[in-house]
Amino acid sequence: MTDDRMRRGGDSEDDPTFVSLVGIPRSGTTWMQQLLNWHPQVGTGQESFLFARFIVPQLREFRWGLAQSGRGGLGLAAYMSEETFLSELRRHVAALRQQMVEVCYSEKKTASLFLDKSPPNALVMEEIHEISPEVRFVVMIRNAYDIVASWRRSSRTWAPWLVPDRVGEMANIVCAYVHAIERALAVLEPREVLIVRYEELWERPVTTLLAVCRFIGIEWDEAGVRAALDALEPDVARALEHMHIPLWGAARTKYGSAALNPPGFVGPATPGAGWRTLCLRDRRTIRAVLASHGLTAELVPLDRVGGWSRYDLDRLIRAPSGSVC
């Protein structure tokens, strides 16, 4: 990168300006992304899946090969140390991130922070932290009933490939995400991760967005926040043909300059609306799956309610100005 603004989205281990927006799919990550993209300092683009699908699978394959003791190890583990492989992987990540940031900043001249929204990265936060410890995470979660109801509606409309149309399997996927997030919290510090509940964003949107901005290190006045909220109010967003998310590269050539907004993508937004669409049998199934994983419908671990408070939104609201811990 040639100028300092682009360099800040690059590969420095002290770089605070590459933020990963992750979470359980259908928990409000797209809404949060588009709202933050209204801020002049924030640049973002379509879901890259950079770590979940391109980088972490390589690390896991290396370690799988090393564990194959029957033949004394397989794959690249038979040619280099894990430290060497991680070093090469980090160089690869830096080059890919540089390309992402450069195309974004070349169009949004005011941007100085890159927001990579990719929900499945929530499943690999541990490895992301190992590969790129400078990355900070904003994690979106939502009531499990509303997530499952949204998945079911999506799988029957714009995304038949998304998840199986069976509530028990959907609930197990939700639990898998929660457990992955829990594992990551065991190695991440509060300054590195912020958990935001969809319900908080819905019920107190201005306070929530200002707290998120505080966490990622940018300032935003209340008037700017309210302008974004008005422009992306669910009933308004539902009618748009395109999202407030730019496309570049091969996708721009094929689909245009902005992400498509397929019919059905923006569903009922009010917390609890999804729960009301589920029949009693489906609610019982979801509740039983959650209980088997030690979770409540709010996705709070039953054995330590409030255990995520070190990472939640209220700590920023309570904290002195300038603090993110």
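The values are calculated or read from the model by the stated rules, or taken from the named source; none is laboratory data. Worth saying up front: this structure is predicted, and the values here are computed from it rather than measured. Positions of Cβ are generated from backbone atoms using ideal geometry, with glycine treated the same way; all protein chains shown enter the neighbour counts. Just so you know, the surface numbers come from the protein's heavy atoms only, side chains and all, with ligands and any DNA or RNA stripped out. Shrake-Rupley method; radii C 1.70, N 1.55, O 1.52, S 1.80 Å.
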Long-range HN-HN contacts of ALA159 with modeled amide H, under 5 Å:
none
Dividing the alpha-carbon radius of gyration of the chain by 2.2 N^0.38 Å, where N counts its residues, gives 1.01
Take ASP314, ASP282, ASP221 and sort them by solvent-accessible surface of the protein heavy atoms, 1.4 Å probe, largest at the top.
ASP221, ASP314, ASP282
The ³J(HN,Hα) series, computed from each phi in the range 171-186 with the Karplus coefficients 6.51, -1.76 and 1.60 at θ = phi - 60°, rounded to the nearest Hz and given as x for glycine or proline, is 4, 5, 5, 4, 5, 4, 5, 4, 5, 5, 5, 4, 4, 5, 5, 6
Using a Förster distance of 25 angstrom, determine the FRET efficiency expected from the C-beta separation of THR270 and ARG183, and round it to 0.05.
0.20
Debye, to nearest 20: dipole size of the chain, +1 on Lys, Arg Cβ, -1 on Asp, Glu Cβ
980
Roughly what % antiparallel, to the nearest 5, for the DSSP beta bridges in the chain?
15
Largest first, how would VAL103, VAL225 line up by accessible area (1.4 Å probe)?
VAL103, VAL225
What residues qualify as long-range amide H neighbours of ARG136, i.e. H under 5 Å apart, gap of 5 or more or another chain, H built at 1.01 Å from N?
PHE18, SER20
With r as the distance between the Cβ atoms of ASN172 and ALA78 and R0 = 30 Å, compute the FRET efficiency 1/(1 + (r/R0)^6) and round to 0.05.
0.25
Ranking by accessible area, most exposed first, for TRP64, TRP202 with a 1.4 Å probe:
TRP64, TRP202
What is the ratio of the Cα radius of gyration of the range 222-315 to 2.2 N^0.38 Å, with N the residue count, to two decimals?
1.54
With 0.36 nm assigned to each residue of separation and the Cα-Cα distance removed, ARG60 to GLU88 gains 8.6 nm
Given H placed on each backbone N at 1.01 Å, which residues far from LEU295 in sequence or on other chains put an amide H within less than 5 Å of it?
LEU302
Find the Cα radius of gyration of the range 72-118, compare it with 2.2 N^0.38 Å by division, and give the number to two decimals.
1.70
Calculated P(r) tail over 17 Å for the range 73-153, as whole % of Cα pairs:
65
Can you list the HN-Hα couplings for the range 137-150, worked out from phi with the Karplus curve (6.51, -1.76, 1.60; θ = phi - 60°), rounded to whole Hz and with x for Gly and Pro?
10, 10, 10, 9, 10, 7, 3, 4, 4, 5, 4, 4, 4, 5
